[in-house]
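Encoded as structure tokens, the structure appears first; notes follow it.
Read-outs: derived from the displayed coordinates by stated rules, not from any lab. As the structure is a computational prediction, the values presented were derived from the model and not from experiment. Neighbour counts run over all protein chains shown; Cβ positions are idealised from the backbone, glycine included.
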Amino acid sequence: MEKLVVIKIGGNIIDDEAKLSAFLKDFAAIEGKKILVHGGGKLATKLAAQLGVEQQMIDGRRITDAETLKIVTMVYAGAINKNIVAQLQANKCNAIGLSGADGNVIKAHKRVHPTIDYGFVGDVDEVNTGLLKSLLEQNIAVVLAPITQDGKGQLLNTNADTIAQETAKALSSIYKVDLVYSFEKSGVLLDANDDSTVIKTINPASYKELKEKQLIFAGMIPKLDNAFTALNSGVTRVIIGKAEQLHHILNGNAGTTILHE
């Protein structure tokens, strides 16, 4: 089975021009098949403020009303996505930027919650593996924006971590997939404020112990739960680490590697 790397880049790296530029240079240098999933950073919030569109957050999640949907579509699928693609081209990496609506690449449904109306927020139903495979086979790097669609003409704002996970899972029947979450921290840390306390590997048994003893930052638990879900669905390994250390992460010399056993 051929190898594929699916990398999710955190929003805070997107907000930093120099860090993003350095990361994209490293991403372009990765040999073989690769997909980059990006979040939105602070640009959407900034643009919403400039346009006078009030932003509502519940538990750190954005409520996407009709006006906010227009803004996130412009920012995520437009400005950020095309800027990343242009920079990859400049680094001699042929890339194509897609939202979930393009080529019917990601179909989703509007989130249903018993008490909260998240607005136009989508949960992924299916990933068009045929289209992604045909692009990857032409050695084109795919850059996915976190905007999906429901097949009935409605765009939806979808969590980028989830898009990375669902894409990695869907393609694991065709490729040997590594899923990488790259952000500003050096990995899963025992002390959230100390970058030197990286836990090198986590397996189901050690994860249970870390949770029981409350040794890991609560905000990291959804990411880790997602990582194990991906592993249980065919993904080979999941790595969480610092965007600036991308090559070392992929070589297993940095970050936290999440394993089956």
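The lysines whose alpha-carbon is closer than 20 Å to the alpha-carbon of LYS208, local same-chain residues fewer than 8 away aside, are LYS200, LYS223. About its Cα centre, region 149-261 has a charge dipole of approximately 240 debye under the convention of +1 per Lys or Arg Cβ and -1 per Asp or Glu Cβ, with nothing else charged. Classification of the chain by its C-alpha gyration tensor yields a rounded form. The axis ratio a/c (a ≥ b ≥ c) stays under 1.5. Using +1 at the C-beta of Lys and Arg and -1 at the C-beta of Asp and Glu, which of LEU132, MET57, ASN159 has the Cα lying farthest in the positive direction of the dipole of the chain? Positive-most Cα among the choices belongs to LEU132. Considering only the other residues whose Cβ falls under 14 Å of the Cβ of ILE202, what net charge follows from Lys and Arg at +1 and Asp and Glu at -1? That sum, taken over residues with Cβ under 14 Å, equals +2.
Tell me the net charge near VAL188. Cut-off is 10 Å between Cβ atoms, VAL188 excluded, with +1 for each Lys or Arg and -1 for each Asp or Glu. Counting the neighbours of VAL188, the net charge comes to +3. Using the Cα gyration tensor of region 45-192, with a ≥ b ≥ c the square roots of its eigenvalues, what is the shape: rounded (a/c below 1.5), prolate (a/b larger than b/c) or oblate (neither)? Rounded, because the longest to shortest axis ratio a/c is under 1.5.
Contact order for the chain, expressed relative to its length and based on alpha carbon pairs under 8 Å spaced 6+ residues apart, stands at 22 percent.
According to the square roots a ≥ b ≥ c of the eigenvalues of the Cα gyration tensor, what is the shape class of region 184-261, taking rounded for a/c under 1.5, prolate for a/b larger than b/c otherwise, and oblate for the remainder?
oblate
Here the extension length gained between ASP191 and HIS247 equals 17.8 nm, from 0.36 nm per residue of separation less the Cα-Cα distance. Where the centre of each part is set by its Cα atoms, how far does region 193-257 sit from region 1-47, in angstrom? Computed from Cα coordinates, the inter-centre distance equals 18 Å. Once you've got the Cα coordinates, tell me which of LYS8/LYS133; LYS8/LYS152; LYS110/LYS185 are over 21 Å apart. Beyond 21 Å between Cα atoms: LYS8/LYS152; LYS110/LYS185.
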